Amino acid sequence: RDNLFFGIFPSADIVAVVSIYFVEGALGLASLAETFLLKDELHLGPAEMSAITGLFAIPWTVKPLYGFLTDGFPLFGYRRRSYLTLVGILGTFSYLALKAQDWFDITSSSSSSS
């Protein structure tokens, strides 16, 4: 019984469930960072933050359409891998664009012109 963790044998199913909980927690931290970015850096009010957060949820709303698209139109011979790669690259550039406001001081120049 050396393999027990809090009295639970770490089978493949238990490791999968623990991994899912870990990923959910990491996503919660990313959500917290988004909230502080919108509130503290971009100086958005509650209504504006709610509207933008609603926009963030749109991709999850149309997720079934992505499934039909990837199954019906494979890219580069793959049904999902090529789409995941492209969307991963797009997501990376999106987060870099959010960081670009610090690099180019976008928020200061736009607030000083008002």
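Residue check: is Phe22 more than 28 Å from Asp102 (Cα to Cα) and either among the basic types (Lys, Arg) or more than 21 Å from the chain's Cα centre (by Cα) (or both)? In short, no. Of all the numbered requirements in (1) modelled with pLDDT of 85 or more; (2) touching a helix residue (DSSP H, G or I) at 6+ places or on another chain (Cβ under 6 Å), Glu48 misses one, and that requirement is (2).
Among the residues making up segment 51-81, those that are open to solvent by 80 Å² or more (accessible area, probe 1.4 Å) and not in a loop (DSSP other than H, G, I, E, B) are Leu55, Phe56, Ile58, Trp60, Thr61, Lys63, Pro64, Leu65, Tyr66, Phe68, Tyr78, Arg81. Checked against the criterion of being out of contact with any Gly (no Cβ under 9 Å at 6 or more places or on another chain), without any contact (Cβ under 8 Å) to a residue 40 or more places away in the chain, open to solvent by 60 Å² or more (accessible area, probe 1.4 Å) and assigned to a helix (DSSP H, G or I), the candidates Leu84, Leu98 yield just one match: Leu84. Exactly one residue out of Phe22, Phe56 is of a type in the set (Phe, Trp, Tyr) and within 30 Å of Ile8 (Cα to Cα): that is Phe22.
The values are calculated or read from the model by the stated rules, or taken from the named source; none is laboratory data. Being a predicted model, the structure only gives us computed values, none of them experimental. Counting neighbours? That spans all protein chains shown, and the Cβs are built from the backbone with ideal geometry, glycine included. With ligands, DNA and RNA removed, areas are computed over all heavy atoms of the protein, side chains included. Shrake-Rupley method; radii C 1.70, N 1.55, O 1.52, S 1.80 Å.
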